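The values are calculated or read from the model by the stated rules, or taken from the named source; none is laboratory data. The structure presented is a predicted model; accordingly, all values stated were derived computationally and were not measured. A quick note on method: Cβ atoms are made from the backbone with ideal geometry, for glycine too, and the neighbour counts reach across all protein chains shown. Please note that ligands, DNA and RNA were not included when accessible areas were found on the heavy atoms of the full protein model with its side chains. Shrake-Rupley method; radii C 1.70, N 1.55, O 1.52, S 1.80 Å.
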Amino acid sequence: MDKRMSAADVVAQLRDGMTIGIGGWGPRRKPMALVREILRSDLKDLTIVSYGGADVGMLCAAGKVKKVVFAFVSLDFIPLEPYFRQARQSGAIEVMEVDEGMMLLGLRAAAWGLPFIPTEVGLGTDIVTRNPDIKVIDSPYDDKEWVAMPALKLDVSLIHVDRADARGVCQIAGPDHYMDDWYARAADKTFVSCDELVETEFFRDPAQARLVHWERAATTGVVHIPGGAHPSSCNPLYGFDVPHFKAYAASAKEETGIQGYLDQYLGASEEQYQQNVGGLDAIRSIELPTY
Amino acid sequence: MTAATDYTLAELCIVAASKAFENDGEVLATGIGVIPRLAASLAMKTTNPDLMMTDSEAWLLSEPNPLGARGEDFAQANETWMGFSRIFDNVWSGRRHAMLGPTQIDKYGQSNTSALGGTYDKPKVMMLGARGFPGNSISHPNSFFVPSHNTRVFMDGECDFVSSIGYNPGRLPKGHSLEDIDIRLVVTDLCVMDFGGPDHQVRLVSLHPGITAEQVQENTGYPIHIPDEVPTTAAPTEEQLTIIAAMDPHNQRAYQIKDNPAGDPAAGDRS
């Protein structure tokens, strides 16, 4: 099965009001080219589930978002995502705020077809008082109460990987695949952008196959977009773009806000975007961060 | 081991905070921020070599990494993969001790990392979000580091958003006891505290050189239990300072407390 498609093909399968999971973590390996294609579309009222970075900030600022399910939204070296802050502080979005681990449990529940997974995480905190959709239940096995973390069922997940083949075998060669395997499994459809498109034979080497974190049946479509994680990182191919994120954060303080940022960078296509940020070679030469 | 006389307040805090990990045994020590990370590193290098630390990205190390750029030929001492999903396996096993710096800490030891003021639907100041605080706080021991001890951090009343569970009987989950909650040290630029007072009241453990109990109380929005005898926070030894300098070759610790003051004001200003 040939699952190759374009970013426009992916967005054509999205609908207003969908729940969309976005892989990666903060400023790390986000499917930003697919996010940009959403920014170019008329989509609205989306619910976004994400270990959030600029993906969440941009979509909120562009008016695409009804609700965000989050544990944090951060650019790491810029701790507070500027546009997510604005969206929260102006009351523009609904939220479901959870613990990082609860989000993982919610994705697992969805992936496994369970209504919820019990956990003690969240007890005694405002996670359980501020979320009417998160119930605290009794256990059939002990006298304690437990948080019933509901399944975070996703209509679609968007993920960026290092490389994939046309059949949807996806490799993440960087040090962490984060929760992307669970995003892939929790969604009805998972669309993956990849920096490199490879032949299936590439994975015959066990060392390469070991870096494939979910099987191809969980991948719906593959979009070949070299540099497609920019301005987030795709370690080990490239780091995150510190000057670009600084300019992005600074734009939130300008009167023109996100529109000024989008006018300067977004373009009508990913080719135009990459020209506006200095080209693919510049993206691929961004140094990896030191933690 | 001789006590140093020439050291900064940041270095005093690192040494004081490293004591939090001394008797932990074989747990993952997670220090978020420069001073907590150096505290955990110092403990792993000296008092508790059984500690585990990560590279703050995805690998567990047998030797802590120095902070900042480490040069082309540096090879970190990986011992296993420790990506974020596996961190939660560790967290929920309880074999971890985190030291973090929340924006608010109330009299119950509950903390806030999420939102300040306004309403929850429209907060005046949106911060990070709950992050991993809910899970950390109910799963394993936690300590706090506060670089500026004042009544905005240690505020009157309850946190605007409770990110982590504390010793609050009103929020205690059914079937749990307050003894299940394990908040260890609170290290600030003025003192070291814990929650070992009567009924888990916050208690003064030691005062940094030149600081009085009255000063600490004035800068805390709720009553502190002050024992009859409160020792002075132990000065770093020369050996500890050497290790700290090696773990922080770019001197990031000099930028963690405003104006980087001397640890002992009587010994002169080093900054």
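Summary table below
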{"read-out": "Amide proton proximity set for residue A:161, modelled H, under 5 Å, gap of 5+", "value": "A:193, A:194, A:195"}
{"read-out": "At 1.002 mPa s and 20 °C, Stokes D of the protein assembly as shown from Kirkwood alpha-carbon radius, µm² per second", "value": "87 µm²/s"}
{"read-out": "Residue-wise HN-Hα coupling along segment A:28-36, computed from phi with Karplus coefficients 6.51, -1.76, 1.60 (Hz; x: Gly, Pro)", "value": "10, 6, 8, x, 5, 5, 5, 4, 4"}
{"read-out": "Chain B: relative contact order in percent, alpha carbon pairs under 8 Å with at least 6 residues between", "value": "25 percent"}
{"read-out": "Sequence-separation-based contact order of segment B:52-169, relative, with Cα cut under 8 Å and 6+ spacing, percent", "value": "27 percent"}
{"read-out": "Built amide H within the under 5 Å cut-off of residue A:189, gap 5+", "value": "A:156, A:157"}
{"read-out": "Computed label-point distance, nm, for sites residue B:150 and residue A:285 using a 7 Å Cα→Cβ extension", "value": "4.4 nm"}
{"read-out": "Nearest-10 value in Å² for the accessible area of residue B:32, using the 1.4 Å probe", "value": "100 Å²"}
{"read-out": "Residue among A:169, A:65, A:136 with the largest mean-square fluctuation in a Gaussian network model of chain A, springs linking Cα atoms under 10 Å", "value": "A:136"}
{"read-out": "Alpha carbon centroid spacing (whole Å) that separates segment A:135-149 from segment B:15-71", "value": "35 Å"}
{"read-out": "DSSP loop GluC sites (Glu not before Pro) with at most 14 other Cβ within 10 Å excluded, longest remaining stretch of chain A", "value": "A:1-198"}
{"read-out": "Mean accessible surface per residue for chain A, computed with a 1.4 Å probe while every protein chain stays in place, in Å²", "value": "38 Å²"}
{"read-out": "Over 31 Å (Cα to Cα) - which of A:44/B:122; A:67/A:189; A:246/B:19 fall in this group", "value": "A:246/B:19"}
{"read-out": "Gaussian network model of chain A, springs between alpha carbon atoms under 10 Å - residue of A:36, A:88, A:163 with greatest fluctuation", "value": "A:88"}
{"read-out": "With at most 12 neighbouring Cβ atoms within 10 Å, loop trypsin sites (Lys or Arg not before Pro) (DSSP) excluded, longest segment of chain B", "value": "B:1-123"}
{"read-out": "Residue A:144 - accessible surface, heavy atoms, 1.4 Å probe, Å² rounded to 10", "value": "70 Å²"}
{"read-out": "At R0 = 25 Å, FRET efficiency that the Cβ-Cβ distance of residue A:205 and residue B:80 yields, to 0.05", "value": "0.65"}
{"read-out": "Whole-number percent relative contact order across chain A, with pairs defined as alpha carbons under 8 Å at least 6 apart", "value": "20 percent"}
{"read-out": "DSSP beta bridges in chain A [antiparallel fraction, %, rounded to 5]", "value": "30 percent"}
{"read-out": "Whole-number D in µm²/s for chain A (Stokes-Einstein; Kirkwood sum over Cα pairs; 10 °C, 1.306 mPa s)", "value": "82 µm²/s"}
{"read-out": "Kirkwood hydrodynamic radius of chain B, Cα pairs, Å", "value": "19.2 Å"}
{"read-out": "Amide H partners (placed H, <5 Å) of residue B:143, local residues excluded", "value": "B:98, B:99, B:100, B:184"}
{"read-out": "Which of B:241, A:80 is most accessible, then next, and so on - probe 1.4 Å", "value": "A:80, B:241"}
{"read-out": "Whole-number accessible area per residue in Å² for chain B, which is evaluated in the context of all protein chains at 1.4 Å", "value": "42 Å²"}
{"read-out": "Cα-centred dipole magnitude for segment A:1-143, charges only on beta-carbon of K, R (+1) and D, E (-1), debye, nearest 20", "value": "740 debye"}
{"read-out": "Additional length obtainable on full extension of the chain from residue B:62 to residue B:217, 0.36 nm per residue less Cα span", "value": "51.7 nm"}
{"read-out": "Selection of GluC sites (Glu not before Pro), segment B:182-271, meeting DSSP coil and at most 13 other Cβ within 10 Å", "value": "B:229"}
{"read-out": "Lysines whose Cα lies under 28 Å from that of residue B:174, excluding same-chain neighbours fewer than 8 positions away", "value": "A:135, A:144, B:107"}
{"read-out": "GluC sites (Glu not before Pro) restricted to DSSP loop in segment B:64-172 with at most 14 other C-beta within 10 Å", "value": "B:72"}
{"read-out": "Approximate spin-label separation residue B:179-residue B:72, in nm, with each point projected 7 Å along Cα-to-Cβ", "value": "5.9 nm"}
{"read-out": "Residue B:60 - accessible surface, heavy atoms, 1.4 Å probe, Å² rounded to 10", "value": "10 Å²"}
{"read-out": "Kirkwood hydrodynamic radius over Cα pairs of segment B:167-271, then Stokes diffusion coefficient at 37 °C and 0.692 mPa s, in µm²/s", "value": "203 µm²/s"}
{"read-out": "Nearest-20 debye value, the protein assembly as shown charge dipole, Cβ charges on Lys, Arg, Asp, Glu", "value": "1320 debye"}
{"read-out": "Distance from segment B:135-164 to segment A:1-42 (C-alpha centre basis), Å", "value": "37 Å"}
{"read-out": "Only Lys, Arg (+1) and Asp, Glu (-1) charged, at Cβ; segment B:131-238 dipole about Cα centre in debye", "value": "420 debye"}
{"read-out": "Choice from A:274, A:259, A:13 showing the highest fluctuation, given a GNM over chain A with Cα pairs closer than 10 Å", "value": "A:13"}
{"read-out": "Chains B and A, summed buried accessible surface - 1.4 Å probe, Å², nearest 100", "value": "4000 Å²"}
{"read-out": "DSSP-assigned coil residues among chymotrypsin sites (Phe, Trp or Tyr not before Pro) in segment A:77-145, each with at most 13 further Cβ atoms within 10 Å", "value": "A:77, A:141"}
